[in-house]
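Notes for the one structure printed next.
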Amino acid sequence: MKQQHLLGRLLFVCCFFFNSAEIFAQETQDEKIIDVFLNVENVAKADSVLQKQIAYYEGNNELDSLCKYPYYVGKIAALKTTSKNGIIVAEQFITELEHHVKNHKSLSRGYANLSLLYDDLGENQKSYDVSVKALTSITKYKDATPEEIGKAHYNVGSVAQTLGYNDEAKQRFRETKRYYEGYSETSKVNLSKMYNANAVMHYLSSKLDSAELYFKKASKAIENAEGDMYENLLDATVINSNVMLVQYTQGNTSEALKTLEQVVKNYHIILKNISDESMRTKVMRYNSNALSNLAVIYNEIGNVRRATEVLEYTYADRKKFLEPTDPFLINILIQMGQNQISLLNYDEALVFLLEAKQLSDKSTGHSNYWKAAGRYALALAYKGNNDLVLAEKYFKEAEPLFQNSLKDEYDAEFLGFLRDKALFLSEKGEISPAITTAFKGYNYVKNNESTSLILVKEIENVATVYYNLEDYEEAQQWALDGITFLNQRIQESKTSIDSIQVDFRKPGLILLEAKAAFKLQSKRDVPFLRSTLEKLNNATVILERRKTISYSDEAITLLLKDYKYLVEFSKEVQIQLFDLTGDESYLDKVVSLHESSLYNRIRSRLNVQQDISFSNVSAEVLAREQLLKEKMSKSLVEKDTVDASIKKYISASDTFEVFLDSLRVNFPKYYQMRYATIAKSLAQVQQNIPANTTVVRYVFVAEKLYAFVISKEQKTWVSLPFSEKDSNIIKLLAAELSEKETTALLHQLYKQLWQPIAPKISTEKVLVIPDGSLYNVSFESLTTERVSTYKEAVEKSLLNTYVFSYHFSMLLVKDEKTTTNFKKKFVAFAPEFSNAMKSDYTHAISDSIVLDKSYLTLLAQPFTIDLINKYSEKFKGKSYLNQAAQKNTFVANAGHHKIIHIGTHAESNNIRPSLSRLIFAKDIEHDSLINNNSLYTYEIYNHDLDADLTVLTACETGKPTYQSGEGMISLSHAFTYAGSKSILTSLWEIDEKSSATIVDYFYENLRSGMDKDVALKQAKLAYLATAEGRTRAPQYWAGLILIGDTSPIHLAPEDALWIWIVSILALLLLLFFVFRRRNRLSS
């Protein structure tokens, strides 16, 4: 029984479950009366009515009629006492029925009714067992119709699917299909439920085409069904909630959100209009599942706060009708924990996961598989927090729980767990446990799927474990064995996977073998290092081919990981070759590798965004591009002979190359951004450097920091006393630092990052291109001497010596002064996020689940409003303020201005860089579950934002300890592609008042004709001249930086030309009269 689970990305599917009344008859008046009292929480009255009805049927010896009551007997007892007691009372009741009722159809009804109680109270295993009893009983009833038997099979399948028994669920749903389709009188409602269930199983097996087909059949059947309007609406809504999963899996996130929004609204409508207690409970469960799925999607698109809010709402909503130890509640807590792990928020994850563990330990219905998943997540959270003792504890606890659940079958999740555990143990140096764990997964796959490429994952994992344990001979041998295995598969492959697909699996193994050989080699001479580079180049060529067809999230993640490790090791080898030979071409290669890896990250991340568009490129062209990529990808997995598959792949590749040629001619900007070769030598870069400017390109290689210092006249390579593991930058970002601690760190960082290169810099202007954690450093705040006060720090800072600007790539350095002919000077967008706006938003939203609580926590920006009002008037520009500053307004009006001022909050996402976002005012007339006020980085590519300068000062950076700068790089790249020549932004969340003051000075300096970088320097000096106390701290002023082109912007008033013309004419007229007077006097 294989079970599916994806860490951090749980998606709930919905199968209908028939209640006993549905199986055998419509709900009678007896149950309706009880439901009325339960709905208004009058348990005593409901119990009184129940006891009278039972007494009536007993008195009239109509014992078969009592089979409709186990649910109510147990439910009322649970409400009066405890869930445990409710179950005991219901089980005693059904035991009495078994002694007195001989009709198998009636008994089947009683068992089905009891299963509803178990389901409500979270006893899923008991629900499954009694559903099997119901099936057995109905099959013994000789007059049972095929539809009745099919329904009983269906109920067993539904509970089996809930428990993760997917193989059995498939079998039961197939049986249901056989009975229903073979019986001409089967109702449309039941056919709809059956088709939905089979569609769900196809979805879980990743057969999306088949799933879509069955969902369509289910929808068609329910459209033509007779019966209660709200019950049919429920059936249609459940189908649509599952259709949403297919839309989401196919990458149609926007459509999935729209579908899900309607699903949630429908559930609320149904709850208001139905009275059946068991059905209401089911609808509440379905609604909670839909909300859980909504949280997954919000997390996927980067709106973490919204995802957390929805999960918290879902948890609170479920607690209203579920016991604290209900498996659904526990699973939500695990989901919240996994969500936080995916965001590297390990402390927050532990809060949820530890509560889940506590409740899971008390629960009798929580499956071992989910217990294992919870402990697996705990292990990862503690590992992330570097608490290795507790991480090891939960790795150990999870393993037997997985095995108890899965028995002799290892699913993908358990194999992944074993790999993670083995790597963890190997990093700790625990030799025997690490090797044992690694071989556990390897031996299982070898014995069960020895010819599958899944085995390559296990071989690579074993090799990595040996490498971590510093057994480099074994690591090298296992890597070579993996390469040999793949070479054999290339020769033997006849179906499913051809030689090209196999070849794509090699880069990781090639890298491992090369690194192990590198460690084993005592004499790393030039020939050895060159042969190592040749291996790495071969792996890179394979990755370049793979890149063209990688567009799933999993494929992109793997691709980026392989690229990262290959590039890092290649740079290390290149530097050693330079040290041995003095040949500067190796340094050229280091720069080229570093720059190309940056662009490969950007390009690959764009591939995974299915709903991305690009300005000036038609939807038809983008659709054809995607289609051609999919054809190449599918040609590698179609069942065909090797020769036929290769021919299909080559044909698809050739077609794609022709398509790229057309892009190169017709859409050069787009082609350059996504496909053009990324390569420039240092000599070419040097030619592009502006006069009086030095470029400082920082590069981490094997955790060590180097700086390329390049100007028109020289280029130098400097090794710096700084490591990626250095904590000084992280310390500097801490809010609780004292003045003395801050100034000490500023000087320490100066000695590490600037002092070694200072003698190489003779120009006033410096263009800094950071790497990694250096994206959190404002270089102009570094101090040349050790001081103790902020005032002294300003006096000794590099701000007084240099004019700084920044960029994210050396390839974008240009020695040219750009000029534009934009007639419009200034446009600004500022929601302000005032209390009035938030109040209007709150009153406009009637449904609490639609309410975006994070929007209500955004800080107001009154100083930004004042600044924009001032310069809208001075520049004769246009401003969109408060509620008018919506996303759609920005998209429609931002482009073709000299300056675009975006006075709103922004989030730079280092974990998912393409999901960095700008936050605009809510469209309260059309707000919904879909976040309509966020403009994500990947959306910016689709808009025309031509401008000399984009100002974005309220940026909140991502986690500084993880992939620092990635969010800023992606945001800057998107604005650059969209047409902005430079960006004024912030390295961290900066004080709004000080930011507005500096930008005020900056605009005045631009008006006077200064270069943008000079204008920013002078603006900061002007601010610091009047700042006092804490406001002199770097946190208040140093975070503002200029990225990109530094050319001045022509911002003279529009009437300035006429003033000059009138002045010149007046002067000429004056001279005329002077000369005329002289001539007269002479006469």
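In table form, for the structure just shown:
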{"quantity": "Close pairs (8 angstrom Cβ cut-off, 6 or more residues apart or separate chains): free of Cβ contacts under 8 Å to residues at least 12 places away in the same chain in region 243-257, buried (at least 17 other Cβ atoms within 10 Å of the Cβ) anywhere", "calculated": "GLU255/GLN247"}
{"quantity": "Qualifying residue in region 390-408 (condition: outside any helix (DSSP H, G or I) and crowded, with 19+ Cβ neighbours inside 10 Å)", "calculated": "no"}
{"quantity": "Residue tally, condition at pLDDT below 95 and among the small types (Gly, Ala, Ser), over region 430-475", "calculated": "3"}
{"quantity": "All positions within region 45-64 that are touching a residue at least 24 places away in the same chain (Cβ under 8 Å) and either closer than 10 Å to ASP30 by Cβ or surrounded by fewer than 19 Cβ atoms within 10 Å (Cβ to Cβ) (or both)", "calculated": "LEU50, LEU63, ASP64"}
{"quantity": "Answer residue from region 133-181, given it is aromatic (Phe, Trp, Tyr) and part of a helix (DSSP H, G or I) and is nearest to GLU409 (Cα to Cα) among those", "calculated": "PHE173"}
{"quantity": "Considering residues of region 862-876 that are out of contact with any Asp or Glu (no Cβ under 8 Å at 6 or more places or on another chain) and over 12 Å from GLY903 (Cβ atoms) only, the residue surrounded by the fewest Cβ atoms within 10 Å (Cβ to Cβ)", "calculated": "GLU873"}
{"quantity": "Set ILE459, ILE431, ILE454: member being β-branched (Val, Ile, Thr), surrounded by fewer than 22 Cβ atoms within 10 Å (Cβ to Cβ) and within 24 Å of GLN488 (Cβ to Cβ)", "calculated": "ILE454"}
{"quantity": "Selected residue [free of Cβ contacts under 8 Å to residues at least 24 places away in the same chain and of a type in the set (D, E, K, R)] from GLU764, GLU785, GLU741, GLU792", "calculated": "GLU741"}
{"quantity": "Helices (runs of 4 or more DSSP H) contained entirely in region 677-776, each with at least 1 residues that are surrounded by 18 or more Cβ atoms within 10 Å (Cβ to Cβ) and at pLDDT 95 or above", "calculated": "739-753"}
{"quantity": "Options TYR880, TYR871, TYR841; residue that is free of Cβ contacts under 8 Å to residues at least 60 places away in the same chain, assigned by TED's automatic domain parsing to the domain that holds ILE924 and either of a type in the set (Phe, Trp, Tyr) or touching a Phe, Trp or Tyr at 6+ places or on another chain (Cβ under 8 Å) (or both)", "calculated": "TYR880"}
{"quantity": "Candidates VAL591, VAL617 - the one that is over 18 Å from ARG674 (Cβ atoms) and at pLDDT 75 or above", "calculated": "VAL591"}
{"quantity": "Any hit, region 99-109, residues being under 27 Å from HIS366 (Cβ atoms), over 44 Å from the mean Cα position of the chain (by Cα) and assigned to a helix (DSSP H, G or I)", "calculated": "no"}
{"quantity": "Qualifying strands (runs of 3 or more DSSP E) (wholly inside region 875-932; at least 3 residues being modelled with pLDDT under 90 and of a type in the set (S, T, N, Q))", "calculated": "none"}
{"quantity": "Residue in region 849-874 that is farthest from ALA947 (Cα to Cα), counting only those that are modelled with pLDDT under 90 and touching a Leu at 6+ places or on another chain (Cβ under 9 Å)", "calculated": "ILE849"}
{"quantity": "Some residue of region 788-806 being under 34 Å from the mean Cα position of the chain (by Cα), assigned to a helix (DSSP H, G or I) and not acidic (Asp, Glu)", "calculated": "no"}
{"quantity": "Selection within region 672-711 - among the charged types (D, E, K, R) and either in contact with a helix residue (DSSP H, G or I) (Cβ under 7 Å, 6 or more places away or on another chain) or free of Cβ contacts under 8 Å to residues at least 12 places away in the same chain (or both)", "calculated": "ARG674, LYS680, ARG697"}
{"quantity": "Residue in region 196-214 that is in contact with a Gly (Cβ under 7 Å, 6 or more places away or on another chain) and in a helix (DSSP H, G or I) present", "calculated": "yes"}
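Results for (1) of a type in the set (Gly, Ala, Ser); (2) within 22 Å of TYR57 (Cα to Cα), shown as yes or no for each residue.
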| residue | (1), (2) |
| --- | --- |
| CYS67 | no, yes |
| SER83 | yes, no |
| GLU98 | no, yes |
| SER106 | yes, yes |
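The values are calculated or read from the model by the stated rules, or taken from the named source; none is laboratory data. What you see is a predicted model, and the numbers here were worked out from it, not measured in a lab. Glycine also receives a Cβ, built like all others from the backbone with ideal geometry; neighbour counts cover every protein chain displayed.
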